[in-house]
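Take a look at the structure below.
The values are calculated or read from the model by the stated rules, or taken from the named source; none is laboratory data. Predicted, not measured: the structure shown is a model, and the values here were computed from it. Cβ placement follows ideal geometry from the backbone for every residue including glycine, while neighbour counts extend to all protein chains displayed. Quick note on the areas: whole protein, heavy atoms, side chains included, nothing else; ligands and nucleic acids left out. Shrake-Rupley method; radii C 1.70, N 1.55, O 1.52, S 1.80 Å.
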Amino acid sequence: RKEVEQDPGPFNVPEGATVAFNCTYSNSASQSFFWYRQDCRKEPKLLMSVYSSGNEDGRFTAQLNRASQYISLLIRDSKLSDSATYLCVVNIFGDRDDKIIFGKGTRLHILP
Amino acid sequence: EADIYQTPRYLVIGTGKKITLECSQTMGHDKMYWYQQDPGMELHLIHYSYGVNSTEKGDLSSESTVSRIRTEHFPLTLESARPSHTSQYLCASSDRTWVTEAFFGQGTRLTVV
């Protein structure tokens, strides 16, 4: 089983719609979680961190469910500029095996 | 903007040549990573480092090697480039705490002809 799993998509969503992505992780030692955004032929950039209590940044809401080991990203009122690949990222912090693990990404296409 | 830099941004080189991709960060981060990514595909971790004199192989087997003699510098070397090495190489760094995120350089797009 992959350490971080995401639906690769693509999600084709009309402009203005709400879209949600889920991501599951397998390592219970995972301690911090992030969503990154990657545009075509660019480097990944941090979109937002994901906190246990859930957090919101404008149109974006991230949730963490530790019991079920999944995180989610909700995008409301989607814009054409939201078209990108969204990467789920898990930080496993330990003595020697701490590492940051990236999911394969979910492609989102916002349609005019 | 993140203070992590990769050079060159683009490189076209002939088969059999030795190349070194440079990556430097000025954030004092202990952890550094190299990822390989083909267009439209996922990131593959090929090397990482916990700090000076630490290097580890990643999840994807790679013919490249890395070194970490200084905290800020994490170069990747291919002794003999082949067309199969054509890809984008992304360097990243992070602080060694549990809340940290990774910061990426802009990448080096390598083409071996």
Search segment B:82-104 for residues being hydroxyl-bearing (Ser, Thr, Tyr) and either more than 9 Å from every other protein chain (Cβ to nearest Cβ) or part of a helix (DSSP H, G or I) (or both), and hand back the single one that is surrounded by the most Cβ atoms within 10 Å (Cβ to Cβ).
B:SER93
If I ask for residues that are in contact with a helix residue (DSSP H, G or I) (Cβ under 9 Å, 6 or more places away or on another chain) and within 14 Å of another protein chain (Cβ to nearest Cβ), which ones from segment A:69-112 would you list?
A:LEU108
Only one of (1) under 24 Å from B:GLN106 (Cβ atoms); (2) buried (at least 21 other Cβ atoms within 10 Å of the Cβ) is not met by A:VAL50, so which one is it?
(1)
In segment B:14-57, how many are open to solvent by 20 Å² or more (accessible area, probe 1.4 Å) and outside any strand (DSSP E or B)?
17
Any idea how many residues of segment B:58-81 are assigned to a loop (DSSP other than H, G, I, E, B) and free of Cβ contacts under 8 Å to residues at least 40 places away in the same chain?
10
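Residues checked against (1) at pLDDT 95 or above; (2) away from chain A (no Cβ under 14 Å):
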{"site": "B:ARG9", "(1), (2)": "yes, no"}
{"site": "B:VAL12", "(1), (2)": "yes, yes"}
{"site": "B:ILE19", "(1), (2)": "yes, yes"}
{"site": "B:GLU22", "(1), (2)": "yes, yes"}
{"site": "B:HIS29", "(1), (2)": "no, no"}
{"site": "B:GLN36", "(1), (2)": "yes, no"}
{"site": "B:GLU42", "(1), (2)": "no, no"}
{"site": "B:LEU45", "(1), (2)": "no, no"}
{"site": "B:SER49", "(1), (2)": "no, no"}
